[in-house]
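Notes follow the structure.
What follows draws every value from the coordinates through simple rules; no lab data is involved. Just so you know, these numbers come straight off a predicted model, no measurement behind them. Please note: Cβ atoms are built from the backbone with ideal geometry, for glycine as well, and neighbour counts cover all protein chains shown.
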Amino acid sequence: MSDAVVECVPNFSEGADEDVVRAIVCAMRVEGVKLLDWSMDADHNRSVVTVAGAPQAVVESAVRGVGKAAELIDLTRQRGVHPRMGAADVVPFVPVQGATLEQCALLARQAGAEIWQRFQVPVYFYGAAASRPDRANLEDVRRGQFEELRDLVQRDHARCPDVGGPTLHPTAGATAVGARRFLAAFNIYFDTSDVSPVRQIARKIRASSGGLPGVKAMGVLVREQAQLSMNITDLQAVSISQAYERAIEIALQYRVAPVRTELIGLLPESACERDSEWMRLSIEFDPAVKVIERRLMAPMEWPVDMVASAGQIR
């Protein structure tokens with residue numbers, strides 16, 4: 001994998017405190033790693049960082065991010081509508097070029113071992129890196145979230161982490177580390193403040209309820225507007241347009257209509273559907289920023305850790 005490029009998209013359980021998120025991103029700066037994107041979502045209380053580069057450098061970047069999150073985020077005080085079990089909640093490795101999904105699974109295993117050894121944050125492996133069939137799906141691993149899982153691991157061996165533990169870290173919980181292919185984190189906002197019909201749309205569209213394959217969905221209220229939040233995990237099986245069109249078809253039954261869409265993170269060029277309805281409604285979709293192949297050619301500048309800088313000035 002000497003010329004390989006691997007992506008990592010860690011999700012952290014903080015979306016309101018920019019100083020904390022900035023410090024985590026800064027901690028991930030490693031030679032050979034490009035910063036492609038970082039975003040904060042105060043409503044879900046979650047942030048997403050996208051880095052890419054040489055495989056071993058990306059592993060080191062991810063591990064450092066988990067360590068900084070464990071230092072700065074206290075789940076006993078953290079709340080948010082998005083399910084979570086860890087300060088660094090999920091750390092997926094994704095093959096971009098010159099790498100396979102199987103190789104990314106090995107990188108995930110390596111990262112998991114380092115996370116436990118350095119920071120005593122236990123790890124569950126999921127996706128292509130899962131050590132057991134019942135842990136392939138992230139939602140199964142995270143079931144119960146931090147509060148319930150913290151108690152379950154003490155009395156149910158089947159819920160214990162794959163690495164470390166058996167108890168969770170008292171404030172940082174546990175981290176799910178895995179390997180997967182590209183996915184789309186895609187939101188649709190509707191012309192209503194009533195989240196009930198959107199929750200029905202989510203139930204009918206997600207794979208676990210017999211909907212579209214590889215689609216995960218939930219309905220939430222964001223700034224007094226109902227939002228359908230989706231992860232489309234297999235873009236070869238289901239495109240964003242297919243998921244969007246099915247969601248709108250169901251929405252007609254409940255007399256709600258879409259007003260805008262939102263893409264979180266990046267997409268491969270092959271998943272960008274230029275003339276689609278979802279892209280027309282997308283807010284601030286800039287291909288130079290949102291398309292991974294283009295972002296690799298022109299990555300972001302690494303931010304400055306304002307807290308650390310203030311300490312140096314004093």
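Can you list the aspartates and glutamates whose alpha carbon is less than 13 Å from that of Lys68, not counting same-chain residues fewer than 8 positions off? By straight Cα distance, Lys68 reaches Glu14, Asp19, Glu60, Asp89, Asp305. The residues Cys272, Cys8, when put in order of fewest to most other Cβ atoms within 10 Å, stand as Cys272, Cys8.
Near the amide H of Tyr124, within less than 5 Å, lie the amide hydrogens of Asp162, Thr175, Ala176, Val177, all on another chain or at least 5 residues away, with H placed in the peptide plane. Converting phi to 3J(HN,Hα) with the Karplus coefficients 6.51, -1.76 and 1.60 and the offset θ = phi - 60°, the range 34-41 yields 9, 8, 9, 5, 8, 9, 10, 10 Hz in sequence order, with x at every glycine or proline.
Using only side-chain charges placed at the Cβ, +1 for Lys and Arg and -1 for Asp and Glu, the dipole size of the chain relative to its Cα centre rounds to 560 debye. Note: relative contact order over the range 5-179, using C-alpha pairs below 8 Å and six or more positions apart, is 25 percent. Between Leu35, Leu149, Leu281, the GNM of the chain built on Cα springs shorter than 10 angstrom shows Leu281 fluctuating the most.
Panel order for His82, His157, by other beta carbons found within 10 Å of each beta carbon, from fewest to most: His157, His82.
Bridging of Lys216 to lysines at a Cα separation below 17 Å is possible for Lys204, once same-chain residues fewer than 8 apart are set aside. Straight-line reach from Lys290: taking Cα to Cα under 20 Å and skipping same-chain neighbours fewer than 8 places apart, the aspartates and glutamates in range are Glu7, Asp37, Asp41, Asp234, Glu262, Glu269, Glu273, Asp275, Glu277, Glu301. Over the range 113-202, calculate the relative contact order: mean separation of alpha carbon pairs under 8 Å at least 6 apart, over the residue count, as a percent. The normalised contact order for the range 113-202 reaches 34 percent. Coupling constants for the range 83-92 follow from the phi torsions by the Karplus curve (6.51 cos²θ - 1.76 cosθ + 1.60, θ = phi - 60°), and in residue order they are x, 7, 10, x, 4, 9, 7, 9, 10, x Hz; glycine and proline get x. Residue order for Arg84, Arg77, Arg64, Arg132, fewest other beta carbons within 10 angstrom first, comes to Arg77, Arg132, Arg64, Arg84. Close amide H contacts of Asp89 (hydrogens built in the peptide plane, cut-off under 5 Å, sequence separation of 5 or more or a different chain): Asn11, Phe12, Ser13. Over all other residues within a Cβ to Cβ distance under 13 Å of Tyr254, the charged ones net out to +1, with Lys and Arg as +1 and Asp and Glu as -1. Of the residues Ala237, Ala179, Ala217, the one that moves most in a GNM of the chain with alpha-carbon contacts below 10 Å is Ala237.
When the chain is treated as a GNM with alpha-carbon contacts under 10 Å, the residue of Val25, Val304, Val198 showing the greatest mean-square fluctuation is Val304. When the Cα centres of the range 122-141 and the range 225-257 are compared, how far apart do they sit, in Å? One Cα centre to the other: 26 Å. With a cut-off of 15 Å between beta carbons, the residues surrounding Leu149 carry a summed charge of -2, where Lys and Arg count +1 and Asp and Glu -1.
Sequentially through the range 281-288, phi angles give Karplus couplings (6.51, -1.76, 1.60; θ = phi - 60°) of 8, 6, 8, 6, 8, 10, x, 5 Hz, Gly and Pro residues having no value and appearing as x. Stokes-Einstein, applied to the Kirkwood radius of the chain over Cα pairs at a viscosity of 0.692 mPa s and 37 °C, places its translational diffusion at 166 µm² s⁻¹. With contacts taken as Cα pairs under 8 Å and at least 6 residues apart, the chain reaches a relative contact order of 18 percent.
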